[in-house]
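The block underneath contains the structure these notes are about, expressed in structure tokens.
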Amino acid sequence: MKLAAFDYASPATIEEAVALLASRSGNAKIISGGQSLVPMLAFRLAAPELLVDLKQLQGLNRIDIAEDGVRLGAKVRWCEIERNERLKGAHPLLVEAIRHVAHYQIRNRGTVGGSLAHADPAAEMPGIAITSEAELMIVGSKGKRIDKASDFFKGSLSTSLAPDEILTEIKLPPWLVGRRWAFLEFALRRGDFAIAGVALYYDMVGGNIADIHIGAIGVGDRPLRLHAVEAVLNGRKLDDVAIEDAAKAARESIDPPSDIHAPAEYRRALLTTLLARALRQSAV
Amino acid sequence: MRIPNSYIGRPIERTEDLRFLRGRGTYVADVNRPRQLTAAILRSSLAHGRLRGINASRALAMPGVHRVLTANDFDNEIPRIALRLQPLPQLAPFHQPMIADKKVRYVGEPVALVVAETAAIAEDALDFIEVDIEPLPVVVAREQAEAALLFEEHGTNCAISWKAFRGDADAAFKEADYVRRGHFKVQRHAAMFMEPRGFVADWDGQTLTVWGAAKTAWYNRRLLAASLRLPIEAVDLIEVDVGGGFGSRGEFYPEDYLIPAAAKLVGRPVKWNEDRREHMMAANHAREVECEVEIAARRDGRVLGLRGQIWSDIGAYVRTNGGVGPRNVAQYMSGPYAIENIDLKSSMLLTNKTPTGTYRGPGRFETDFIRERMLDLLAKDLNIDRLELRRRNFVADSQMPYPLASITPYDSSTELDSGDYHAVFDRCLAEFDWKTKEQFSGRLIDGYYHGLAVGSFIEGGAAGPKEEARLVLETDGTLSVYLGSSSVGQGLETIMAQIAADATEMPYEKIRVRHGSTSHVKEGYGAYHSRSTVMGGSAILRAAEQLKERIRALGAKRLGCLAEQVMLDGERARYGNRTLRFADLSAFPIEVEAEFLNNKQTWAYGTHAVHVAVDAGTGRVKVLDYMAVEDVGRTINPATLHGQTIGSIVQGLGGAFLEHLVYDANGQLLTGSFADYLMPTASDFPKIRSSIVELKRCPNNPLGAKGGGEGGIIPVGGIMANAIADALKHLDVQPMELPLSPPRIWALVEAAKSQVTTRLEGENGK
Amino acid sequence: MKVNFELNGKRVETDVEPRMTLADCIRDHLRQTGTHLACEHGVCGACTVLVNGEAVRSCLILAVQAQDERVLTVEGLSREEALTPLQSAFRKHHALQCGFCTPGFITTAHALLTEEPEADEDRIREVLSGNLCRCTGYLPIIEAVLEARSAYTHKDDK
């Protein structure tokens, strides 16, 4: 599986990078970690004319923890999230989810921005972005813009990024102290893409669930916010009845795909089971 | 007094490791010849169709492309791959042509070959070859067998049906107290060795040298020479380091012909390496069977007979050993149990999928799944303890040699040679600690249902007819050992050196083993059916005896005595107080060649036990403990054998839970990468234990050894399914199909739950 | 395009097409064939090399991306006169059979133990689950890596 031919550039500034992308009318692609892109090139599923390497660009690999939230530069690698001690407390949901990404060697190269731009419906980072209502910073020939996660993911492997745009950063809202959360995914083997996964968090107000966020991966053509399930749970005590109601709502609100690893009805049941277990786990 | 060598039985560290660990192995992808070109193969993207035409003009116009070969470039008659095993004339119509000839019959069938400056250019060129195929209806399942004929002249898609028979099954079933029927399926999966296949072929005008041989180089050489119309002596196949075979690598594939043919046509060395996607559609698939079987028993659990029908989905052609698996499913279904009456029909169905061949324990993995499931079902229905049922049915050592079912056509009979099945069974249960673990059976603990299972198996090995070894005492006093056996990673160099050291009494460090090149011995057979140790090792023993005679004869002349009076002592010949170093015996190397003939299979055997925990909500199965015990008669190197056993078991676990080559209704192979074809990783099955015993030597070879190395895989599917049934017995979940993937286990649980609900509703009059 | 980097301690320069992977560059241009290709799509780990001390899949890196990096292959982790402690542990525990996946395990284990010489069995299994082996069933590999830890805690030269 040798790659088809392409040109390669490694610009020094982001403006140059944008200009290079713009110069090929949609036939240029960004490469950074390459862990999602290069396999596609190996299978000749993608055939860009030009690869623009972000290697030399500065300032895109910062992890910033501040009062207004957590910022991850697009070039931040999974191993860097793993090694960052402050992140564990600053955003435990993110750190837990990222633990499930791929394998050791991939984690040394794969990036936050790469995963978001690739937009695999079963990937963890897009799932966290959707669940926590993240904002994505994007730069293109028309300048800078900010996209909400809920607008960014358009479908399987499809985002709002124009051919000349580069994702530079993701901002997650600040994490509240005392927040309850859980992340559960089911994969056939450790490190595989999730068959289904759930990320959730909520606050407790007067013994009741408040402002619950529930996201699901692997059960649609993009990561999903389970608003219907959230509606069932907000304002309630987390007890067996609530969990049962939430499971029912989840079952009815998703339309999962089938593939060779799992048929749709299994994914549906799996997501429901994971949701119930995640809710129970969050209460501990 | 010198202490005699005793290398046999010791866990000697392997010589091969010294180069493998440093990255200094030479695998075929590491072989390069001056001026070499690289080939890529265009493969059919349709599963069934008539080849109307191929236009390669655009590809040929590309810079760096030298040649494009199609069926038109070969003689009128495209040579075909002949069967190496069970070469029945009625199977001849189904031999695969070396390149697609008028029809394509599976996705992946070679249609054209590009020769170019680099692999990348050759691959680029594939996109520019236009192939005109008129699609035909696709057959991917037994039910569709009438949709289209793969070989119109034959009139059916059933290539052949084998029959395994013993005694009188109909009579046994008539008089049985109990008959149980089962319908089983095992999924298509494959050996999936880590090193992709490859060749480097070089034709110098007189000799064709091909690097990349494995397993059965002598047979392949004969077939290649005949296909290219060259004398055998003009062809040399060289085996370099080989990255795993498991029964699948080394059989003759279309590429074994195409690459050398290309080298001969273009007049420059040609190199080819498959990539993994190619491998998945080109290398032999295996194991896809469906079976409808009945078991007949007495009330006390004594099994009286087996009767039924097996269908093997063998893909689009019958390849070199495509008949082995289907025959074995029928012939070995009785396993280590004394079942006197057998009537099993095993049909080979042609479909528009990749052709199949042997994969470790061919037919045995499948048949043990079927049989062990039937035994547990029988035990449940008759309310007999599962262990007791098996004990009542084992063949006793006193009954050996015990004939197994005969198979026809290509009649073959075999008999179990020796074995104490009860002892190994009990040993396994003891080491596994069945007594303590039994309490967990069916219990729900921390969200998991626990289950146990035990199963026994036989492992045939040491296929004949023979093997050759050549020993050369070099002038520097070292001993070179040339073998017909091949190395596929099993530690051949080390094991054969151990045998040679003990047989010649020469120092282990002075022995060098060379294997697998067709120039090494006159006629070798190779590595398959767990034969190398028994066959190659026994050939070395024979050759060593001859060598010692030669040394004595030469020594006698120089020492002034009779040959019988010469004492051999490590590296010296002695008479009285006169000694002579081996290195000084002759100015020339001293060479002997010997063969070992054998037509009796050896039968290693064993028992495995497992403890699982099942998450009924997700279908996930955790293997908490796995214990394997096997008797191989005599162990040459316990470390390498133990390694093979663990590796084999993990392959079995892959087959039981994870691995599946999936086709869609159009014959497209959906499993094209390691992201879809899931194999076990280091975190999947951490707890596996194994013991090797040497209870019963094999009476049929001088080593007393039985072929081992495949055994581990054989019982895995059966005991896993049984353990899951045991765990979920409160729901009466009965897995009848592999793989036991989470979605399938979940579906069984759901189906069982809804049956319970239906029954309850019925009872409540709803 | 010219690419210039350090391979096993030596500065190398070669001319590559942008599409050439680091794995192919190392194997074909630089003639270090210890790094093996078993899948070419980034799943099996046989092609693992160390780039700036980190274990990475060389079939997923373009050769041109290695510009100015420090690359170490299995050959660079080997010594002529003897096996390294990690290699000896593999041999002792029979942690290889056909040897094809072995270089990838050696480089990965070396990277892991260099960073985490106290890694426990769970961590070792987790990290090595990115490397496929078809022959050994992994048990002896885990045993070998567990034993090799002591060489890294004492900071022996590798």
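The values are calculated or read from the model by the stated rules, or taken from the named source; none is laboratory data. Every value quoted in this text rests on a predicted model; they were computed, and no experiment measured them. FYI the Cβ positions are ideal-geometry reconstructions off the backbone, even for glycines, and counts take in every protein chain you see. Ligands, DNA and RNA are stripped out before the accessible areas are found, and what is left, the full protein with its side chains, is counted by its heavy atoms. Shrake-Rupley method; radii C 1.70, N 1.55, O 1.52, S 1.80 Å.
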| message | List pairs: first residue in segment A:22-49 and at the interface with chain C (Cβ under 8 Å from one of its Cβ atoms), second residue outside any loop (DSSP other than H, G, I, E, B) and among the charged types (D, E, K, R) anywhere in the structure, Cβ distance under 6 angstrom, at least six positions apart or on different chains. | response | A:I31/A:D53
| Of the criteria (1) modelled with pLDDT under 95; (2) under 24 Å from C:L128 (Cα atoms), which one C:E80 fails | (2)
| said: Go through segment C:99-132 and report how many residues are assigned to a loop (DSSP other than H, G, I, E, B), more than 14 Å from chain A (Cβ to nearest Cβ) and on the phi < 0 side of the Ramachandran plot. | reply: 4
| message | So if I check each of B:W203, B:W211, which one is open to solvent by 10 Å² or more (accessible area, probe 1.4 Å), over 21 Å from the mean Cα position of the chain (by Cα) and within 14 Å of chain C (Cβ to nearest Cβ)? | response | B:W211
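Residues are listed down the side, and each one gets a yes or a no for (1) within 13 Å of chain C (Cβ to nearest Cβ); (2) at pLDDT 90 or above:
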site	(1), (2)
B:E595	no, no
B:E630	no, yes
B:G643	yes, no
B:G647	yes, yes
B:A656	no, yes
B:V662	no, yes
| field | Tabulated pairs, segment B:336-347, first modelled with pLDDT of 95 or more and among the charged types (D, E, K, R), second open to solvent by 10 Å² or more (accessible area, probe 1.4 Å) and part of a loop (DSSP other than H, G, I, E, B), C-beta under 7 angstrom, 6+ apart or interchain | value | B:E340/B:G167
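So that you can scan it fast, the table gives a plain yes or no per residue for (1) surrounded by fewer than 16 Cβ atoms within 10 Å (Cβ to Cβ); (2) at pLDDT 85 or above; (3) in a helix (DSSP H, G or I):
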{"position": "B:E523", "(1), (2), (3)": "yes, no, no"}
{"position": "B:G526", "(1), (2), (3)": "no, no, no"}
{"position": "B:V534", "(1), (2), (3)": "no, no, yes"}
{"position": "B:S538", "(1), (2), (3)": "no, yes, yes"}
{"position": "B:L541", "(1), (2), (3)": "no, yes, yes"}
{"position": "B:E545", "(1), (2), (3)": "yes, yes, yes"}
{"position": "B:R552", "(1), (2), (3)": "no, yes, yes"}
{"position": "B:A583", "(1), (2), (3)": "yes, yes, yes"}
{"position": "B:A587", "(1), (2), (3)": "yes, yes, no"}
| query | Of everything in segment C:21-36 that's surrounded by fewer than 24 Cβ atoms within 10 Å (Cβ to Cβ) and in a loop (DSSP other than H, G, I, E, B), which residue is farthest from the other protein chains (Cβ to nearest Cβ)? | reply | C:L30
| field | Single condition A:A182 does not satisfy, out of (1) assigned to a loop (DSSP other than H, G, I, E, B); (2) open to solvent by less than 30 Å² (accessible area, probe 1.4 Å) | value | (1)
| task | Working only within segment B:730-748, note down all residues that are more than 14 Å from chain A (Cβ to nearest Cβ), in contact with a helix residue (DSSP H, G or I) (Cβ under 8 Å, 6 or more places away or on another chain) and over 25 Å from B:G363 (Cα atoms). | result | B:L731, B:D732, B:V733
| message | For segment B:403-484, give me every one of the strands (runs of 3 or more DSSP E) that falls completely inside it and has 3 or more residues that are under 21 Å from the mean Cα position of the chain (by Cα) and modelled with pLDDT of 90 or more. | response | B:448-461
| task | Just give me the residues in segment C:44-56 being in a loop (DSSP other than H, G, I, E, B) and either at the interface with another protein chain (Cβ under 8 Å from one of its Cβ atoms) or in contact with a Leu (Cβ under 7 Å, 6 or more places away or on another chain) (or both), in sequence order. | result | C:C44, C:G45, C:A46, C:C47
| Out of curiosity, is B:G64 within 14 Å of chain C (Cβ to nearest Cβ) and on the phi > 0 side of the Ramachandran plot? | yes
| task | Look through segment B:218-249, keep the residues that are among the β-branched types (V, I, T) and in a strand (DSSP E or B), and return whichever of them is nearest to the other protein chains (Cβ to nearest Cβ). | result | B:I238
| query | List, please: which pairs have Cβ atoms under 7 Å, are six or more places apart or on different chains, and start with a residue in segment C:15-32 that is under 12 Å from B:D30 (Cα atoms) and assigned by TED's automatic domain parsing to the domain that holds C:C47 and end with one that is β-branched (V, I, T) and assigned to a helix (DSSP H, G or I)? | reply | C:Q32/C:I26
| Criterion (among the charged types (D, E, K, R), within 14 Å of another protein chain (Cβ to nearest Cβ) and surrounded by 18 or more Cβ atoms within 10 Å (Cβ to Cβ)) met by exactly one of A:D164, A:D147, A:D192 | A:D192
| Under 7 Å by Cβ, and 6 or more places apart or on different chains, what pairs join a residue from segment B:11-28 that is within 8 Å of another protein chain (Cβ to nearest Cβ) with one that is open to solvent by 60 Å² or more (accessible area, probe 1.4 Å) and of a type outside the set (G, A, S)? | B:E13/C:K92; B:G25/B:R19
| said: Looking at segment A:272-284 only, could you name the residues that are more than 11 Å from A:R180 (Cα to Cα) and in contact with a helix residue (DSSP H, G or I) (Cβ under 6 Å, 6 or more places away or on another chain)? | reply: A:T272, A:L275, A:A276
| request: Look through segment B:677-699, keep the residues that are in a loop (DSSP other than H, G, I, E, B) and open to solvent by 50 Å² or more (accessible area, probe 1.4 Å), and return whichever of them is farthest from the other protein chains (Cβ to nearest Cβ). | output: B:P699
| Going through segment B:664-676 one residue at a time, which ones are of a type in the set (G, A, S) and at the interface with chain C (Cβ under 10 Å from one of its Cβ atoms)? | B:G672, B:S673, B:A675
| message | Residues to consider are A:L21, A:L51, A:L87; find the one that is within 22 Å of A:A134 (Cα to Cα), touching a strand residue (DSSP E or B) at 6+ places or on another chain (Cβ under 7 Å), modelled with pLDDT of 95 or more and open to solvent by less than 20 Å² (accessible area, probe 1.4 Å). | response | A:L87
| said: Taking the conditions exactly as written (hydrophobic (A, V, I, L, M, F, W, C), touching a residue at least 24 places away in the same chain (Cβ under 8 Å) and open to solvent by 40 Å² or more (accessible area, probe 1.4 Å)), does B:L85 satisfy them or not? | reply: yes
| task | Scan segment A:203-223 for residues that are open to solvent by less than 40 Å² (accessible area, probe 1.4 Å) and part of a strand (DSSP E or B) and jot them down. | result | A:D203, A:I209, A:A210, A:I212, A:H213, A:I214, A:G215, A:A216, A:I217
| message | Residue under question is B:E143, and the condition is that it be open to solvent by 60 Å² or more (accessible area, probe 1.4 Å) and at negative phi; does it hold? | response | yes
| message | For segment C:57-91, which positions are more than 7 Å from chain B (Cβ to nearest Cβ), part of a helix (DSSP H, G or I) and among the basic types (K, R)? | response | none
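Residue-by-condition table, conditions (1) without any contact (Cβ under 8 Å) to a residue 12 or more places away in the chain; (2) farther than 26 Å from B:I12 by Cβ; (3) among the polar types (S, T, N, Q):
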site: C:A82; (1), (2), (3): yes, no, no
site: C:F105; (1), (2), (3): no, no, no
site: C:T108; (1), (2), (3): no, yes, yes
site: C:D120; (1), (2), (3): yes, yes, no
site: C:I124; (1), (2), (3): no, yes, no
site: C:V127; (1), (2), (3): no, yes, no
site: C:N131; (1), (2), (3): no, yes, yes
site: C:I141; (1), (2), (3): no, no, no
